[in-house]
Number of protein chains: 2
Amino acid sequence: MSGVPARVTYIGIGVRDLPVMRAFYERLGWDAGEGSSDGFVWFECGGTRVSLYPWHLLAAEAGVPAEGPHTAFRGITLAINCETEGRAREVLEAARAAGARITAEGVMHPHDVWSGYFADPEGNLWEVAWSPRSNRFDARGVLIDP
Amino acid sequence: MSGVPARVTYIGIGVRDLPVMRAFYERLGWDAGEGSSDGFVWFECGGTRVSLYPWHLLAAEAGVPAEGPHTAFRGITLAINCETEGRAREVLEAARAAGARITAEGVMHPHDVWSGYFADPEGNLWEVAWSPRSNRFDARGVLIDP
């Protein structure tokens, strides 16, 4: 398997007011996933996951200005989780080779997730990630629950 | 089943230059889905689908200004497809009842898809939709291929 796998395992939403945003999604009838906290909330969404994370922290993680014009952070990131850390490194390089701008080089984060970010030609942000908790996929690329 | 189902069936990306954007995603190794055209391109992405659609048309469909500050269009919409048109109508009302701002009331589009849009408290846009081609889901809410 080469190239960048066509999958979206997480959709990150950068938020200004996490309690207000969490309450809104809970009013829709959604249950926050295990491990959600005052600083991070996620919801299982039909094979992908929507997460709420502070706007400035998500922009910083993605390596883009938190405010500004067209190419600045727009509040949403899309993640491609991979089977292994090595595979994630390969995928980020595949994106680079395809002409993607790397906004954040791959790094092992303190929360035990390796990730890097690339931007498409219009600034949409893709995270390439490996997590020991999200690394099994079915034939369609849908994440298999741990 | 009541409330708004927790699922993301489509991720719409509003684009400035569709040929450039399509070429980029194809360089990643992704195959454009059947029916992709000069005006709309989509990719199967692990249970959800990423689509490329002209920025102004997607903003107009979602009922928000194409340019402007915080609450204007940011280039991304997230869709919740439903089993039936009636169910989609109920879901949009459930979102309204939960305090969502309805940015586009539900309407049957010429391409045979019923949809309406709501915004979360910070302007992120959710489409509630029914399509005769995308209306079956497994137990996790993952779209079953037609």
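The table that follows gives values for the structure above.
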| item | result |
| --- | --- |
| A:GLU26/B:ILE144 FRET efficiency (R0 30 Å; Cβ-Cβ; nearest 0.05) | 0.60 |
| Mean residue ellipticity (222 nm) of chain B, computed from DSSP H runs ≥ 4 via -39,500 (n - 2.57), nearest 500 | -6500 deg cm²/dmol |
| Segment B:28-111: radius of gyration and largest Cα-Cα distance (Dmax), Å | 14.7, 42 |
| Kirkwood Rh, angstrom, chain B [1 / mean 1/r, Cα pairs] | 15.6 |
| Segment A:93-146 - Debye-derived log10 I(q)/I(0), Cα point model, q = 0.19, 0.31 Å⁻¹ | -0.76, -1.07 |
| Computed P(r) (all Cα pairs; the protein assembly as shown; 10 Å bins; percent) | 6, 30, 40, 21, 2 |
| Neighbourhood net charge (15 Å Cβ-Cβ; Lys/Arg +1, Asp/Glu -1) for B:PRO19 | -2 |
| Test item: B:7-15 mean partner chain Cβ contacts at 10 Å | 4 |
| Unit charges on C-beta of K, R, D, E only; dipole of the protein assembly as shown, Debye | 40 |
| Under 12 Å from the A:ARG133 label point (7 Å along Cα→beta-carbon), backbone N, segment A:23-52 | A:33-37, A:40-43 |
| Among beta bridges that DSSP assigns inside segment B:71-146, antiparallel share in %, nearest 5 | 70 |
| Inter-copy label distances at B:ASP138 (7 Å, Cα→Cβ; nm, one decimal) | 0.0 |
| Relative contact order for segment A:10-130, counting Cα pairs under 8 Å that sit 6 or more residues apart, in percent | 24 |
| Size of charge dipole - segment B:6-45 - debye, nearest 20, with Cβ of Lys, Arg +1 and Asp, Glu -1, no other charges | 200 |
| Inter-centroid distance (Cα atoms) of segment B:105-124 relative to segment B:16-57, Å | 20 |
| Averaged over A:47-58, number of beta-carbon atoms from partner chains that fall within 10 Å | 3 |
| For the protein assembly as shown, share of DSSP beta bridges that run antiparallel, in % to the nearest 5 | 65 |
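Readers should treat all values here as calculations from the given coordinates under stated rules, not as data from a laboratory. Quick caveat: nothing in here was measured; it's all calculated off a predicted structure. Positions of Cβ are backbone-derived with ideal geometry, glycine not excepted, and every protein chain shown enters the neighbour counts.
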